[in-house]
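This report refers to the structure that appears directly beneath it.
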Amino acid sequence: MTTNTAPSEPTTPTTPTAHTSPSAPLSLSRTTATAARVLRQLRHDPRSIALMILIPCVMLFLLRYVFDGSPRTFDSIGASLLGIFPLITMFLVTSIATLRERTSGTLERLLALPLGKGDLIAGYALAFGVLAIIQSALATGLALWFLDLDVMGSPWLLLLVALLDALLGTALGLFVSAFAASEFQAVQFMPAVIFPQLLLCGLFTPRDTMHPALEAVSNVLPMSYAVDGMNEVLTHTDMTADFVRDALIVAGCALLVLTLGAATLRRRTA
């Protein structure tokens, strides 16, 4: 592997240093360059794109006609699942795609360049965030205007929460990829990270009717606030203070997990 160093310095050692990443703050140019590279790679992986963009729409479509004889049931849980499905798919695809970069040596080479950890993580988040916007817009449009999901609030608020949920899934996927040694292990993190949140988020039963210990756990899980935010849009015509709180918590959790992902980013030299 060759690296671009200063012209002809024969005394410079050829062994890579532990880190050549700059300590400067985030750079917009480096972040967007990283995002563009990730998007170019994803363009050649149509299966991943299909999983991210189409699967939530397919699941919502199936759910609508599972409850064909009970449309009110679809209205009551459809909004919540509109946020949960993007979170799950973005978590799965992001964790596997990022791990593939780690195990293939691409991440190793990138960290030998003048590229900060924050630039790298922000670039990945930006690239997958673009896909999250497309995914959330398609799923929201399908649910509201084709599947007749009945919500009292603004469709834009519904789209906002769906997008924040997708970005949270992206952040969680980037974070857990640091702890997996193979794609199979990355998939195994899904039961550990996603399923407990799915059971405790209030989708199946109100959180205040759970055992107090489980309710306390649900109060610190971000998916709980994603579901709460969707329910606020479902039952209120205007933006409520609870909705703003829920949206800020989901966004804050995504930012926190991205920061932790940058902290765990490391080279994997033998």
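Some observations on this one:
- Selection of trypsin sites (Lys or Arg not before Pro), region 171-270, meeting DSSP coil and at most 16 other Cβ within 10 Å: Arg266, Arg267, Arg268
- Between region 209-269 and region 115-190, the Cα center-to-center distance that results, in Å: 13 Å
- Between Val58 and Thr205, the modelled labels are 3.3 nm apart [label points 7 Å from Cα along Cα→Cβ].
- Within the accessible area of region 122-182 (1.4 Å probe), percent carbon and sulfur: 78 percent
- By definition, a body whose alpha carbon gyration tensor gives a ≥ b ≥ c is oblate when a/c is 1.5 or more and a/b is not larger than b/c, and region 139-236 fits this oblate description.
- Efficiency of FRET between Ala181 and Thr237 - r from beta-carbon atoms, R0 41 angstrom, step 0.05: 0.25
The values are calculated or read from the model by the stated rules, or taken from the named source; none is laboratory data. All figures in this text were calculated on a predicted structure; none of them were measured in a lab. In this analysis, Cβ positions are derived from the backbone assuming ideal geometry, glycine residues included, and neighbour counts consider all displayed protein chains. When the accessible area is computed, the model is the full protein with side chains, heavy atoms only, and any ligands, DNA or RNA have been set aside. Shrake-Rupley method; radii C 1.70, N 1.55, O 1.52, S 1.80 Å.
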